[in-house]
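Chemist: Supplied in structure tokens, the structure appears directly below.
The values are calculated or read from the model by the stated rules, or taken from the named source; none is laboratory data. Here the structure is a predicted model, which means the values were calculated and not measured. Heads up, the Cβs are rebuilt from the backbone with ideal geometry, glycines too, and the neighbour counts pull from every protein chain shown.
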Amino acid sequence: MIISFDIDNTLIPYSNEFEVENKGLLSKILGAESIRKGSIQLFSELENKGHSIWIYTTSYRSAFNIKKTFKSYGLNPSRIINEETNQQFLKKHNCSASKNPSLFGIDLHVDDARGVEIEGAKYGFETIIIDINDEDWANKILKKIRGIELNMAWRFKELLVTLITLKSNAKKQRAFNGVGQAEDDMVDDFDNFYSRSRDVLMEYDYITATEDSILSKLAKLIRLKCEDPENAFWYQLESHQDWEIIRGLASKVLLKMKKENFEVEFVHTNEFDDGIMLQRTKTKIVEK
């Protein structure tokens with residue numbers, strides 16, 4: 001992965017916002033700026049894992065001076081993007097953001113500005129925002145990267161799709177499942193994206209303890225209904241009172257997640273493989 005870092009108040013303090021690395025003789029001789037404590041170890045860990053480290057800043061410092069500062073600590077970012085280069089790219093692509101790491105092929109950008117996080121949601125680039133008071137900032141970054149490697153964002157999105165579908169009425173559920181699909185397909189999805197993914201979803205802070213408690217109740221009720229081979233629960237939804245309980249639990253956890261106003265848009269496509277029809281479904285979560 002290519003991981004870029006902002007510098008001002010992310011890696012380099014304006015004044016005394018956070019602890020800094022001890023300056024060696026070379027740093028003192030070169031008049032290098034101070035860098036955040038933990039930067040040396042973090043960069044080393046990321047490079048050992050095969051990641052490429054870039055600096056991406058809206059500062060007009062020259063690339064030479066930025067590289068000199070990091071070099072004096074034994075750090076060698078692969079590329080320096082300063083405001084001059086940044087503005088050239090933004091203008092070329094007619095982008096009004098303050099930064100857009102995706103234009104440079106960057107996979108993850110680390111910054112201290114919440115505005116950059118908002119731009120990431122708008123323009124589709126991955127960010128992690130570090131608070132100046134966060135002493136565990138380096139571990140937070142490593143954890144986020146591990147989550148990306150495990151495709152956690154996709155897992156969580158699929159869990160949301162399943163929950164939104166479970167809270168929907170029977171007509172919408174059947175439309176989502178498509179032709180020839182059993183209503184219990186979404187139960188399999190719930191098992192895959194919650195029950196089997198629960199530990200990592202919790203570990204990487206995609207679900208809270210409160211949300212997990214509701215999801216656990218939902219999982220138990222679903223399991224109870226599926227264990228009875230004579231139960232037509234998932235084929236005759238409207239006639240089962242417990243179905244409303246399941247809908248209610250799905251709605252409750254979405255409310256806790258602040259996702260209660262989202263719906264799923266989907267498109268089914270059919271493919272044939274050796275005479276067998278395979279259904280593919282593309283989904284998109286949209287706010288009402």
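Chemist: Criterion first (surrounded by 16 or more Cβ atoms within 10 Å (Cβ to Cβ) and at pLDDT 95 or above) does TYR73 satisfy it?
Modeler: Working: surrounded by 16 or more Cβ atoms within 10 Å (Cβ to Cβ): yes; at pLDDT 95 or above: no.
No: the conditions fail for TYR73.
Chemist: To continue, here is another question. Which residue, of GLU17, GLU33, is acidic (Asp, Glu) and touching a strand residue (DSSP E or B) at 6+ places or on another chain (Cβ under 7 Å)?
Modeler: So the residue among GLU17, GLU33 that is acidic (Asp, Glu) and touching a strand residue (DSSP E or B) at 6+ places or on another chain (Cβ under 7 Å) is GLU33.
Chemist: Shifting gears a bit: Can you give me the ranges of the helices (runs of 4 or more DSSP H) entirely in segment 185-288 with at least 1 residues that are closer than 18 Å to VAL161 by Cα, assigned by TED's automatic domain parsing to the domain that holds LYS171 and at pLDDT 90 or above?
Modeler: Working: elements: 185-190, 198-203, 209-227, 241-256.
It comes to 198-203, 209-227, 241-256.
Chemist: Can you say whether GLU21 is touching a residue at least 40 places away in the same chain (Cβ under 8 Å), in the same structural domain as ASN139 (by TED's automatic domain parsing) and not polar (S, T, N, Q), as far as the supplied structure shows? Walk me through how you get there before you give the answer.
Modeler: Details: touching a residue at least 40 places away in the same chain (Cβ under 8 Å): yes; in the same structural domain as ASN139 (by TED's automatic domain parsing): yes; not polar (S, T, N, Q): yes.
So GLU21 passes the test.
Chemist: Restricting the first residue to segment 26-47 and requiring it to be under 18 Å from ASP136 (Cβ atoms) and free of Cβ contacts under 8 Å to residues at least 60 places away in the same chain, which pairs with a second residue that is of a type in the set (Val, Ile, Thr) and in a helix (DSSP H, G or I) meet a Cβ separation below 9 Å and a spacing of at least six or different chains?
Modeler: Pairs found: ILE35/THR69.
Chemist: Of LYS99, LYS122, LYS67, which residue is charged (D, E, K, R) and either outside the structural domain of ASN16 (by TED's automatic domain parsing) or more than 17 Å from ASP8 (Cα to Cα) (or both)? Working first, answer last.
Modeler: Details: LYS99 fails: either outside the structural domain of ASN16 (by TED's automatic domain parsing) or more than 17 Å from ASP8 (Cα to Cα) (or both); LYS67 fails: either outside the structural domain of ASN16 (by TED's automatic domain parsing) or more than 17 Å from ASP8 (Cα to Cα) (or both).
Within the list LYS99, LYS122, LYS67, the selection yields LYS122.
Chemist: In addition: Determine if segment 30-48 includes at least one residue that is on the phi > 0 side of the Ramachandran plot, at pLDDT below 95 and either loosely packed, with under 15 Cβ neighbours inside 10 Å or basic (Lys, Arg) (or both).
Modeler: Yes, there is a match, as at least one residue in segment 30-48 is on the phi > 0 side of the Ramachandran plot, at pLDDT below 95 and either loosely packed, with under 15 Cβ neighbours inside 10 Å or basic (Lys, Arg) (or both).
Chemist: Same structure again: From the list ALA138, ALA121, ALA113, which one is aliphatic (A, V, I, L, M) and either surrounded by fewer than 17 Cβ atoms within 10 Å (Cβ to Cβ) or at pLDDT below 90 (or both)? Give the steps one after another, and end with the answer.
Modeler: On the way: ALA138 fails: either surrounded by fewer than 17 Cβ atoms within 10 Å (Cβ to Cβ) or at pLDDT below 90 (or both); ALA113 fails: either surrounded by fewer than 17 Cβ atoms within 10 Å (Cβ to Cβ) or at pLDDT below 90 (or both).
Result: ALA121 is the single residue among ALA138, ALA121, ALA113 that is aliphatic (A, V, I, L, M) and either surrounded by fewer than 17 Cβ atoms within 10 Å (Cβ to Cβ) or at pLDDT below 90 (or both).
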